[in-house]
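This report refers to the structure that appears directly beneath it.
Just so it is clear, none of the values below were taken in a lab; they were calculated from the coordinates. For clarity, every value in this text was computed on a predicted model and none was experimentally measured. Glycine also receives a Cβ, built like all others from the backbone with ideal geometry; neighbour counts cover every protein chain displayed.
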Amino acid sequence: MSINVLALLSATLTIATPLVWAGIGELIVEKTGVLNLGIEGTMYFGAFTGFLVALRSGSPWLGLVTAIVSGVVAGLLMALLTVTLGLNQHVSGLGLTLLLIAVCEFTFRLLYAGKRPTLDNKFHVWLPDVPVVDQHWLTYVAFLVLAPGAWWVLRSTGMGYRIHAVGENFEAADVAGISVTATRYVALMVGGALMAIGGAFLTLSVLGNFTLDIINGRGWVCIALVIFAKWRVWPVVLGALIFAGTDALQLQLAITTAFSSIPRELMLALPYLAVIAALAVWGRKVHYPASYLKAYRRG
Amino acid sequence: MTSTRPLLELNGITKRFGDLVANDSVSVSVASGEVVAMLGENGAGKSTLMKIVYGLVRPDAGTISMDGRVLDIGSPRDAMDAGIGMVTQEFSLVETMTVTENVALSSVGLGRVDVRAARQRVMDAMDRVGVHIEPERMVSTLSIGERQRVEIVKALFHECRVLILDEPTAVLTPQDVRALFTTIGRLRGTGLGVLFVSHKLREVAEISERVVVLRRGRLVGERVTAEATTKELADLMMGTAAAPDQDTAAAVGLPVREKPAVGGSEPGGTAEQVPVLRMTDVTLEREGRPLLDRVSLDVMPGEIVGLAGISGNGQTELMNVLAGTDIPTDGRIEVDGTDVTHLDIAGRLEAGLGRLTEDRRGSVLPQQSVEHNLVIEDLRSFTRRGMLDKAAIRTHAEGLIERFDIRAAPTDAVATLSGGNMQKVLLARALARRPRVLVAAQPTRGLDIGAYQYVHTQLQELRGSGAGVLLISEDLDELRSLCDRILVLFRGAVTGGLAVKDATSERLGAMMTGESVAV
Amino acid sequence: MRLVLRGHEPRWVAPVAFVVAVLVTVALSAIPIRLAGANPPAAFERYLVTPLSSTLGIYEVMLTATPLLFTGIAVAIAFRAGYWNIGAEGQFLIGAVATTALALNFPGLPAVVALPLGFVAGALGGLAWAWLPAWLKRRGEIDEVVTTLLLNPVALLVVQGLLNGPWRNSQTGFTDSDRFGSGYDLPSLVPGTRVHWGFGVAMVVIAITWFVFGKTAVGMQVRAAGQAPEAARFSGIPVDRLRFRSALVSGAIAGLGGASQVMGVQHQLTQGISNNYGYTGVIVATLGGLTALGVVLVAVLLADIAVGAENVSLVLQVPTQLGAIFGALLLLTVLSAMSLRQYRISWSGRRRRRTPAAAEESS
């Protein structure tokens, strides 16, 4: 049995990229005390709108911009439901996911019933001949800019203080003159944009086409990663790498003869089971943000 | 004393919540270097008024002005910018942040925070106030008194000219109260105006120059403190001219007369009497730390035993191990001779335990009806052939509503009840099963005078009927007016006890901070 | 103009809010209908009215509502207990798998044995799939939302793995299982129609749920555990145990739904056996107010639209996903309307605080 370690590492980084984008997006949102179960739908939405515009315009850049706008809109909707109207976060998020997926599927079937359109022009890999670093620019940005940037913002800036205060004690934040509403809106919009970029990465960088099961639970994985990471940036990245590593490994094993007798679906299920196992081991009795799942009302 | 020009002026503030008028055209002013006390019992509308001043609640009418300029305060940020600082009753600190981060929180922008400069500014502010706390400490590690000092530093971190203290002494030790008064005196010297909100007459008399009295949302009087007698203020506050009885006096912090000896109920008088509650070496450990440290105490039939102590010294844990929501690591609990240490809650209630916790809202099912709340602990008695006996539940509820004077229909959701009525429901639920001993934690906190007296009467009647009461309270006046004996809880251990006639607040205060006194 | 909390809520507010929400949903879903080139009023007539205007249509609606009744009541029971089971999708699938396992291994059983056993197998399958998250929640306080969600794609992979491997159709070679023995065919509830006994079983389950929640001590305790867990614990109600058991019951009922679908409709396991029924169950339960009657009404409404959507997609070429769009939109608008109904509009804004005298003084 031989495993190509370099190919494994390279695939791990690629598979981890959307999880890092969306996971950090979810992390920022949850730090303010909002659980965004709309993540699955937002990633789907970003993947679809990005693909659609890139396909029509021929420009993946325009597609990416569209995906970002879509993510902001999705975040705005979630904010309207959970912050302004104060609705149950579980139900709102799930409803948003169902709505966005239904809208995308509807549009996709309407426009391309029975066809499988493919982008002529998707993002290219940098350094295509060098193993491991042969990655998309969005991968570079995710690991070298987004993760350290998010870490720094949450740790050392006023915005980070505000997010922390709103998530841990929103009455205190309000009394300190920090708008709970504005902080949560901003977090949901920024988080939505990051989730949508994660989704668009799949269509615009990796696949070049859109399938109806494109996200397939990756959003739920991100939510698990955030809990596993106890709401810290670097452990989210680590968790994404573990999930991606498991996934890359099963892809490698599937092409080696020794494991060909094992059903492919079992291997595909491995990363999900790995995340649940990781939660079972490290996610016990964690300290959730104190205002988690709560809507803020003054007075 | 009073300078010519008032600094902060509230004019004709009115606020209604539905039919309830919380503030009815209230006008108050505070001048520079002046301490004004706002006196009123619980529910008089003080907190609402403070929230209005700080932009947390919008008034229906009236104006707030500083230096004669009318302000439009729509948020705490507006209030801060106008120079108003507030220390709220429940502290507004983020426990998972450091002292520096908490103090700086209200002045950070969006960009990078210069932690070193912020720390220096925080330390400077502490120097001005005369407070010293390590700025890098996590707030969760601070004591209640320290947290309040951080709150004051936080309020003064801005160019604050009027400081509002909302019930600042409610959770403090007598020693911490002294320290707070020293701080207030010092701040007054720097020209700060202070609005001191309280329902404790004695404190008001000591700290303020002027006092305004609020009753049922209305301003009913204003006096220069030095010229007013405590009786006069008490009458204004309660709206009665009669001399306050024991309970009322305790409720407003007046000196309490020594309790007349009750004949025949001399505790421990008859040796063969079985204690209704006996705790023997009860210990509760969590993560290797003892939260309760070998607590032993007896409550005899016909006795009210008080348990004093500063919040956070094990009261909640003691309540939990008695109530059955926590199992002690070690030791033994007996109710009326039955060992209940390892019984579940139903078993404890069966053995004759009644419970009344400090967390009233955490003990009721808010969305469910009064009648359901009254039977939820004893559903077995109301089940017939697998089905709930709705007629019996209704009859039960109607009986208790009448007996305990609960102002609600059996089908009303408990969430719609006032604090006093909610407490009556809980009292009715606990007493309906005729407990041999009632454990009550802070049973009157936040209640108005009527409900306060009602609860006390019920506790006294319970004693009269031969049952025992363990009263856990932070309110020394309440303990002294009601109890036969007072024990003190300090760092999870009972450090001593006094007969009520010996329990001066000085001695209790000393014991509450760790000085042991023999029983 | 701004929103002010109402003191008292007049009787008419709730129904009016509901009607407004429905109108908003209709208006919003008219947009995709238009984009698809259809005429919204005509389309809506087909979505809402046509299925219910013929006996045949009504039977189709009953048939389509059946899986939603199972998942809806399953989710409602868990939510009532304060357990966020969002894994009804996976539990439904594994229920179908368990029934299929029975049917493929004992194809010759007579109906009188096969049908009850088929349901028992489905219930056990759903229960088993619900067990892990419930156990993790009880033992380690691990958030059940995440674990139940994550197990949904895994359940689908289990179905696909079985259909690609051991259960591949022996005649056609397609990724569908073999057809079950005739003993496993659920008989028609109404002779001559496709409405099968699964509908009856669902109604019995719902009736039992109604009875337990409305009439028994356990029902009251479960409700208390869901609404105010701390207070329930204080009153001696075993909150964690009740939640654990409600989670298992919820999973078992979702599994029954899977059993009903394979035995009553498909008579074989297929990849598309669950048409998002588990997720739609969350909509059904929530819109139904977690009540038995509400679940029935909403399940029938969504089934009506689903049947209409099939019809519209054939006649007007509007993709069937419009049914899903409508369901999700209805959920969000109704919840929003129910939140907004606590407020009334006040036309006098901030200005009202200034009394005329004060305004004079300040000017």
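Some notes on this structure:
- Label separation (residue C:4 vs residue B:140): 4.3 nm, computed from points 7 Å beyond Cα along the C-beta direction.
- DSSP beta bridge pairing in the protein assembly as shown, given as percent antiparallel to the nearest 5: 60
- P(r) weight above 15 Å for segment A:93-193, C-alpha pairs, percent: 77
- In the protein assembly as shown, a dipole from Cβ-located charges (positive for Lys and Arg, negative for Asp and Glu) runs towards its positive end, and of A:14, C:247, C:19 it is C:19 whose Cα lies farthest in that direction.
- Rule-of-thumb Rg ratio for segment B:468-508 [Cα; 2.2 N^0.38 Å; N residues]: 1.07
- Gaussian network model of chain A, Cα within-10 Å springs - most flexible of A:287, A:124, A:136: A:287
- Residue-averaged [θ]222 nm for chain A, counting only DSSP H segments that reach four residues, each worth -39500 (n - 2.57): -22000 deg cm²/dmol
- Cβ-based net charge around residue B:337, under 10 Å, with every Lys or Arg adding one and every Asp or Glu removing one: -1
- Dimensionless Rg ratio for the protein assembly as shown, taking C-alpha atoms and the 2.2 N^0.38 Å reference: 1.02
- Table column - 3J(HN,Hα) (Hz), segment C:286-298, Karplus curve with 6.51, -1.76, 1.60, x for Gly and Pro: 5, 5, x, x, 6, 9, 4, 4, x, 4, 4, 4, 5
- Calculated [θ] (222 nm, deg cm²/dmol) that DSSP helices of n ≥ 4 give over chain B, each run adding -39,500 (n - 2.57): -9500 deg cm²/dmol
- Chain C, helix-only ellipticity at 222 nm - DSSP H runs n ≥ 4, -39,500 (n - 2.57), divided by all residues, nearest 500: -22500 deg cm²/dmol
- Sorted into 10 angstrom bins from 0, the C-alpha pair distances of segment A:162-299 split as 10, 30, 31, 18, 7, 3, 0 percent.
- Computed FRET value (nearest 0.05) for residue B:311 with residue C:19, which takes r as the C-beta separation and R₀ as 56 Å: 0.65
- Student exercise, segment C:1-144 dipole from Lys, Arg, Asp, Glu Cβ charges, in Debye to nearest 20: 380
- With the cut-off at under 11 Å, measuring from each backbone N in segment A:49-75 to a point 7 Å along the Cα-to-Cβ line of residue A:112 picks out A:49-56.
- Counting DSSP beta bridges with both ends in chain B, the antiparallel % (nearest 5): 55
- Taking every alpha-carbon pair under 8 Å whose residues sit at least 6 apart, chain A reaches a relative contact order of 37 percent.
- Tilt relative to chain B, helix B:144-156 - C-alpha long axis, 0 to 90 degrees, to 10: 20
- Spatial separation of Cα centroids for segment B:342-394 and segment B:428-465, in angstrom: 17
- Chain A: most fluctuating residue of A:62, A:127, A:98 per GNM, C-alpha cutoff 10 Å: A:127
- Rounded if a/c under 1.5, otherwise prolate or oblate - segment A:1-52, Cα gyration tensor axes: oblate
- Taken over the C-alpha atoms, segment B:114-228 has Rg and Dmax values of 15.8, 51 angstrom.
- Residues residue B:344 and residue A:281, FRET efficiency given R0 of 35 Å [Cβ-Cβ distance, rounded to 0.05]: 0.65
- For segment B:314-452, the gyration tensor built on C-alpha atoms gives an oblate shape. Its axis ratio a/c (a ≥ b ≥ c) is at least 1.5, and a/b is not larger than b/c.
- Hydrodynamic radius (Kirkwood) for chain C, which is based on Cα pairs only, to one decimal in Å: 22.2
- With a Förster radius of 25 Å applied to the beta-carbon distance between residue C:34 and residue A:76, the computed FRET efficiency rounds to 0.60.
- With kT/(6 pi eta Rh) evaluated at 10 °C and eta = 1.306 mPa s, and Rh the Kirkwood radius from Cα pairs, segment C:17-160 diffuses with a coefficient of 86 µm²/s according to Stokes-Einstein.
- Beta bridge orientation in segment B:414-496: antiparallel %, DSSP, nearest 5: 40
- Acute angle (nearest 10 degrees) that the helix C:239-261 long axis makes with the longest principal axis of chain C, alpha-carbon atoms: 60
- Residue B:206 versus residue C:56: modelled label distance in nm, points set 7 Å from Cα along the beta carbon direction: 9.0
- Relative contact order for segment A:16-63, counting Cα pairs under 8 Å that sit 6 or more residues apart, in percent: 21
- Mean separation of Cα pairs under 8 Å and 6 or more residues apart, divided by the residue count, gives chain C a relative contact order of 35 percent.
- Taking C:291, C:209, C:193 as the candidate residues, the one with maximal mean-square fluctuation in a Gaussian network model of chain C, Cα springs under 10 Å, is C:193.
- Rounded to the nearest 10 degrees, the angle from helix A:158-168 to the longest Cα principal axis of chain A is 80 degrees.
- Segment B:5-111 shape via C-alpha gyration tensor axes, a/c threshold 1.5: prolate
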